[in-house]
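Accompanying notes for the structure given below.
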Ligand code: ADP
């Protein structure tokens, strides 16, 4: 029941879907963005991103799902990575997952509210994860909604940091990546991304 990249449809913006776009259209980015609704552990792509905790030894939410699907070898490699700071990213193999790599990043904890520090940390998660992907020649990468679960970052704020950071990275490095997939798990997040994507990846 793995989902190959070819089965993940490209997100196509509808012309005029949004009045106030935040970025102009970059036609080099056409065919490079997907919005996928479902379980990230099923994606048969180069790299999936894990919203991990600093220990990198596994946890709840998407982290737990990834470790369960990958099997115990993942935890073994993660232990050798010796933790990860907030906003940083570390890469491992995918083991039992259909994805070749897992990029572990640690999002900010936002239960006390979102300030400049949390915002910058969340942007760093996306940027450093994309860097880890391209450094390892991974050309397709999927992100979960980092920090918006247990870590309490408001999803309607997080989506802007996610989309702005990916847009800025792709503007500079479009030749290094074939596809960036936003993997949403909750119906509410799907709606949020559908509404917000046209601001960052507008149609002609
Ligand atoms: P964090 O601790 O960074 O908040 P969570 O795992 O609690 O991480 O939540 C991050 C997001 O991952 C949430 O939107 C949650 O719904 C989503 N999620 C949980 N399980 C999966 C999964 N198997 N595939 C994709 N996304 C998932």
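Each reported figure results from applying straightforward, stated rules to the coordinates on display, with no laboratory input. Note that the structure is predicted; figures quoted are calculated from it, not measured. No Cβ is skipped: glycine too gets one built from the backbone with ideal geometry, and neighbour counts run over all protein chains shown.
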Output row, site residue 1, 7 Å Cα→C-beta label point, backbone N cut-off 20 Å, window the range 150-192, residues 183-187
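Run the numbers for residue 194 and residue 55: contour at 0.36 nm per residue of separation, minus the present Cα-Cα distance, in nm. Working shown, then result.
Values: separation 139, 0.36 × 139 = 50.04 nm, distance 3.31 nm.
Extra length available between residue 194 and residue 55 comes to 46.7 nm.
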Put a dot 7 Å past each Cα toward the Cβ at residue 164 and residue 77; how far apart are the dots in nm? 3.3 nm
Enter the angle in degrees (range 0 to 90, nearest 10) between the Cα long axis of helix 187-200 and the first principal axis of the Cα atoms of the chain, meaning the one along which they spread out most. 50 degrees
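How long is the gain from residue 120 to residue 136 if the chain were fully straight, where each residue apart is worth 0.36 nm and the alpha carbon distance is subtracted?
Values: separation 16, 0.36 × 16 = 5.76 nm, distance 2.40 nm.
In short, 3.4 nm is gained.
I need to check one value: relative contact order of the range 1-154, counting alpha carbon pairs closer than 8 Å and at least 6 residues apart, in percent.
25 percent
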